[in-house]
């Protein structure tokens with residue numbers, strides 16, 4: 001059905017006068033009469049009782065007058081939802097992450113994104129970086145945030161920030177009395193590290209130590225940062241982590257700067273290179289808004 005016919009009907013149903021209805025619609029009276037007849041023929045029932053002196057709604061016409069506004073409301077809602085979806089203000093967003101990035105820019109971006117676009121249904125998926133890359137390629141997630149990017153033609157890595165690397169140790173460790181340490185101070189220390197086979201970030205840190213002139217004596221390797229922090233707290237060794245992790249650290253641990261500093265670790269937002277999702281674009285714009293290009297946290 002041509003919705004224009006319904007609009008013509010509603011104007012006549014309100015005015016109950018062909019002349020006034022035609023004037024309201026900015027058309028001539030004969031075309032209005034013709035369109036109303038077409039609508040009645042399409043519905044198979046008269047909608048108006050006509051006489052020389054008055055126009056009245058039939059029972060069918062009264063029913064249509066009550067129901068037609070619902071059609072327009074539903075249409076307007078459908079159009080509005082379509083516009084919102086096209087602008088990225090409505091839809092789904094699946095984000096992969098590791099627990100250690102839930103400090104700094106990501107939680108701030110998620111909070112701002114939720115405030116601005118409450119109708120976007122986003123979900124976080126905690127998984128290893130390798131699992132995130134696999135999920136990205138399989139289109140099970142839309143974006144992920146992790147340290148150390150992936151060189152893959154199917155993916156795009158967008159640098160968010162650089163973070164300084166600090167030494168983590170128990171508060172009662174002899175070196176904890178100093179505010180700044182040299183890399184050489186760590187040469188004889190046992191280390192707790194993330195799994196080298198599973199973590200590109202762990203390998204990044206390992207190579208940083210080599211470049212600083214010592215090979216870390218790794219006594220224990222773990223998968224999760226929280227496990228690493230617990231082992232350091234228990235005295236199993238020291239660790240190297242981004243400075244922001246101090247916000248997640250339990251009591252009894254201290255973070256100390258290194259001089260000369262190790263290379264800073266990058267934090268990336270990674271997504272499929274061919275993904276043109278409006279929702280993803282708004283999420284990335286929100287991340288960009290909260291950072292300066294190549295800034296340091």
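The values are calculated or read from the model by the stated rules, or taken from the named source; none is laboratory data. These numbers were taken from a predicted model, which means no experiment stands behind them. Counting neighbours? That spans all protein chains shown, and the Cβs are built from the backbone with ideal geometry, glycine included.
Residues checked against (1) modelled with pLDDT of 95 or more; (2) under 15 Å from residue 176 (Cα atoms); (3) surrounded by fewer than 18 Cβ atoms within 10 Å (Cβ to Cβ); (4) touching a helix residue (DSSP H, G or I) at 6+ places or on another chain (Cβ under 9 Å):
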{"position": "212", "(1), (2), (3), (4)": "no, no, no, yes"}
{"position": "224", "(1), (2), (3), (4)": "no, no, yes, yes"}
{"position": "227", "(1), (2), (3), (4)": "no, no, yes, no"}
{"position": "232", "(1), (2), (3), (4)": "yes, yes, no, no"}
{"position": "244", "(1), (2), (3), (4)": "no, no, no, yes"}
{"position": "247", "(1), (2), (3), (4)": "no, no, yes, no"}
{"position": "253", "(1), (2), (3), (4)": "yes, yes, no, yes"}
{"position": "260", "(1), (2), (3), (4)": "no, no, yes, yes"}
Open item on the list: Anything in region 95-118 that is touching a strand residue (DSSP E or B) at 6+ places or on another chain (Cβ under 8 Å) and surrounded by fewer than 17 Cβ atoms within 10 Å (Cβ to Cβ)? List them, or say none.
Closed with: 99, 114
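So for region 29-37 (the condition being closer than 15 Å to residue 68 by Cα and in a strand (DSSP E or B)), does at least one residue qualify?
Within region 29-37 (the criterion being closer than 15 Å to residue 68 by Cα and in a strand (DSSP E or B)), the answer is no, since none of the residues qualifies.
Among the helices (runs of 4 or more DSSP H) lying completely within region 199-297, list those that include at least 3 residues that are farther than 18 Å from residue 101 by Cα and free of Cβ contacts under 8 Å to residues at least 60 places away in the same chain.
Values: elements: 200-211, 225-233, 278-289.
Ranges flagged: 200-211.
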TODO: Considering each residue of region 176-198, count those that are surrounded by fewer than 18 Cβ atoms within 10 Å (Cβ to Cβ), touching a helix residue (DSSP H, G or I) at 6+ places or on another chain (Cβ under 7 Å) and in a strand (DSSP E or B), and give that number.
DONE: 0
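For (1) outside the structural domain of residue 291 (by TED's automatic domain parsing); (2) modelled with pLDDT under 90; (3) under 38 Å from the mean Cα position of the chain (by Cα); (4) closer than 30 Å to residue 194 by Cβ, each residue gets a yes or a no:
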residue	(1), (2), (3), (4)
48	yes, no, no, no
65	yes, no, no, no
76	yes, yes, yes, no
83	yes, yes, yes, no
95	no, no, yes, yes
113	no, no, yes, yes
118	no, yes, yes, no
122	no, yes, yes, yes
Task: Conditions (1) assigned to a helix (DSSP H, G or I); (2) farther than 13 Å from residue 55 by Cβ; number of the one not met by residue 21 - done: (2)
